[in-house]
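Participant: First the structure, which I've put down as structure tokens, then a few questions once you've had a look.
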Amino acid sequence: MTDGYIFNTAEDGEHERLRVQAEMCDRLTRRRIQETGIGEGWSCLEVGGGIGTVTRWLTGQVGSTGRVVTTDLEPEWLRELDADNLEVLRHDVSADPLGEAEFDLITVRLVLVHLHDPRAVLDKLVTALKPGGTLLVEECDLSTMPLSDPPDETWHEVISALISLLASMGPDPYLGRRLTRMMLDAGLHDVDSEVVAYPKLMPESPSLQVQVVKMRDPLIESGRVSQDAIDEVLARFGDPTCDLVLHNSTIHSVCGRRPG
Ligand SMILES: C[S@@+](CC[C@H](N)C(=O)[O-])C[C@H]1O[C@@H](n2cnc3c(N)ncnc32)[C@H](O)[C@@H]1O
């Protein structure tokens, strides 16, 4: 692991965790990128590309005259992508250098939350944009995650414990709400923010289920929640008659332009 990243691509279930997360977010990310006017010949960078669903889509958008660079601490899954206009790099966005004035678009989703100094990384990304280029950053705010309709005490208890455990490991559970200010402070112009959430019935919420499954043992070991409570929650994900609507986290999608 490098910087503050608390997950590990080699762990069981990590690909699936990233897959369901991507499935939830891709529609928003693609629309936001399309709104930038992306087209043939653009030069794009995706930081922390994960399993590459956005990267793959970008290669189709920029065509054979364009170029997509995608990076990750562990780029094995990105190397499985096959496109002539794609360059895959093993790269730590906190520690490794990035070029100057190179990209028309830089996109970063659910990565800054894992970094010790996201604000410094934003400055680096702005420098890597061509003048007039666009930076799109998307991050979660977990404050809505313990909410459900109707309110459910066990769900609230387990998810509040999960948020507290994550925060103790490093990630800022509320980074999303700070993103607009950070983008303004980084000197971006035309900053445009959109906040979305995807409430769903509990048995149809795989993105939440995989997170609880992944954190089950660490949560119990931390003493923050009982095994009975967490197993009760997990059983309900698998119960098709459960009609609890979960609110999930909110995703803050913020873009801005480098002046010039
Ligand atoms: C939650 S995943 C998000 C993946 C992808 N952006 C998406 O939204 O589908 C976070 C990704 O960021 C990568 N990552 C974490 N810290 C990083 C760093 N310092 N530099 C580059 N990538 C990093 C991780 O390896 C992981 O693939």
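The values are calculated or read from the model by the stated rules, or taken from the named source; none is laboratory data. Since the model is a prediction, treat every value here as computed from it, not as a measurement. All Cβ positions, glycine included, derive from the backbone under ideal geometry; neighbour counts span all protein chains shown. The area values use the complete protein model at the heavy-atom level, side chains included, leaving out ligands, DNA and RNA. Shrake-Rupley method; radii C 1.70, N 1.55, O 1.52, S 1.80 Å.
Participant: Can you classify segment 205-260 as rounded, prolate or oblate using the Cα gyration tensor, where a ≥ b ≥ c are the square roots of its eigenvalues, rounded means a/c under 1.5, and otherwise it's prolate if a/b beats b/c and oblate if not?
Facilitator: oblate
Participant: Here's a follow-up. Leaving out ligands, DNA and RNA, and with a 1.4 Å probe, what % of the accessible surface on segment 173-247 is carbon or sulfur?
Facilitator: 49 percent
Participant: Measure off 7 Å from each Cα along the Cα-to-Cβ vector at residue 11 and residue 30, then give the distance between these two points in nanometres to one decimal.
Facilitator: Simple spin-label model gives 2.9 nm for this pair.
Participant: Oh, and also: Cross-link candidates for residue 200: which lysines have Cα within less than 29 Å, leaving aside residues fewer than 8 places away along the same chain?
Facilitator: Partners found: 214.
Participant: Which whole-number value in Å² is the accessible area per residue of segment 14-257, probe 1.4 Å?
Facilitator: That works out to 43 Å² per residue.
Participant: Also, I was wondering about something else. Given an 8 Å cut-off on Cα distances and at least 6 residues of separation, report the relative contact order of the chain as a percent.
Facilitator: Averaging sequence separation for qualifying contacts and normalising by length gives 21 percent for the chain.
Participant: Nearest 5 percent is fine: what portion of the DSSP beta bridges confined to the chain is antiparallel?
Facilitator: Taking every DSSP beta bridge within the chain, about 50 percent pair in antiparallel fashion.
Participant: A follow-up question, please. On the protein heavy atoms, probe 1.4 angstrom, tell me the percent of accessible surface of segment 1-123 carried by carbon and sulfur.
Facilitator: Within segment 1-123, the accessible surface is 45 percent carbon and sulfur.
Participant: Here's a follow-up. How high is the relative contact order of segment 92-221, in percent, with contacts defined as C-alpha pairs under 8 Å that are six or more residues apart?
Facilitator: 23 percent
Participant: What is the Cα centroid distance between segment 72-134 and segment 192-242, reported in whole angstrom?
Facilitator: Rounded to whole Å, the Cα centres lie 30 Å apart.
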